[in-house]
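Below is one structure; the comments refer to it alone.
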Amino acid sequence: MFKEKYNKRLAAALALNGFEEPKEMQLKAITKINGGFDVIGIGPLNSGRTSLIVMSTVHKLQRAFEDAPRALILVSDMEKALAMKEKFLLFAKDTDLRIYSVSEEGKIEKEAAEIYVGTDILIGTPKRILDLYFVRNLNLNKIKLFAIDDAEMMIKIAAQGHIDRLALSLPKCQHLIFTDNYNEKVEKLIHKFIVAPQIIEVKE
């Protein structure tokens, strides 16, 4: 029943990778995300947040289109960027979606050149994405989905200013925000760009 909520290629990829038992977060959020709502997902790291971002993005975009990124996903460091990219490569295996990850550890000239060739899904740290946008003229005008993998961690690494500038530079799009806890600091981080979100909370 869960896989029926996704397109056939993604459902097949989930089955191939043994994704049989969805987490509570995924079950509660899938219909709202597929319906285009902004969503705040509150729950611990093992609640399926990362997989939900990946599945929702692959389902929404489905195939490669033009050159500019259409999904922007912010993570806190290089390790998380690479881990999320690997999960995208699994779930988008039978599509032509182009996935690219960036972080401060990479060479910005190389990253900018490879993104320019054509990228559908861009994963990266807030500072590097902002540098690519302002210094290397990264085109964010086609973004349809903007996700933050761990809002509390973004606060811990003092990325609020970078996220604020990025989010306010994007066109109208869907927002997915995930966090361990929803508190005053997280609300302050996102209040300028997300209005009337659907809130999903799990305790797993």
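The values are calculated or read from the model by the stated rules, or taken from the named source; none is laboratory data. Bear in mind the structure is a predicted one, so any value in this text is a computation, not a measurement. Quick reminder, even Gly has a Cβ in these numbers, built from the backbone with ideal geometry, and neighbours come from all protein chains shown.
For this structure, a couple of remarks:
- Picking from residues in the range 81-109 that are in contact with a strand residue (DSSP E or B) (Cβ under 8 Å, 6 or more places away or on another chain) and small (Gly, Ala, Ser), the one that is surrounded by the fewest Cβ atoms within 10 Å (Cβ to Cβ) is 103.
- For the range 110-134, filtered to residues that are in contact with a His (Cβ under 6 Å, 6 or more places away or on another chain) and not aliphatic (A, V, I, L, M), the residue that is surrounded by the most Cβ atoms within 10 Å (Cβ to Cβ) is 126.
- Within the range 131-157, the only residue that satisfies the criterion of being among the aromatic types (Phe, Trp, Tyr) and under 17 Å from residue 190 (Cβ atoms) is 146.
- Considering the range 150-194, and only residues there that are over 14 Å from residue 140 (Cβ atoms) and β-branched (Val, Ile, Thr), the residue that is surrounded by the fewest Cβ atoms within 10 Å (Cβ to Cβ) turns out to be 157.
Rundown of residues vs (1) over 25 Å from residue 140 (Cβ atoms); (2) out of contact with any Asp or Glu (no Cβ under 7 Å at 6 or more places or on another chain); (3) modelled with pLDDT of 90 or more, yes/no style:
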residue: 6; (1), (2), (3): yes, yes, no
residue: 38; (1), (2), (3): no, yes, yes
residue: 55; (1), (2), (3): no, yes, yes
residue: 60; (1), (2), (3): no, yes, yes
residue: 79; (1), (2), (3): no, yes, yes
residue: 94; (1), (2), (3): yes, yes, no
residue: 103; (1), (2), (3): no, no, yes
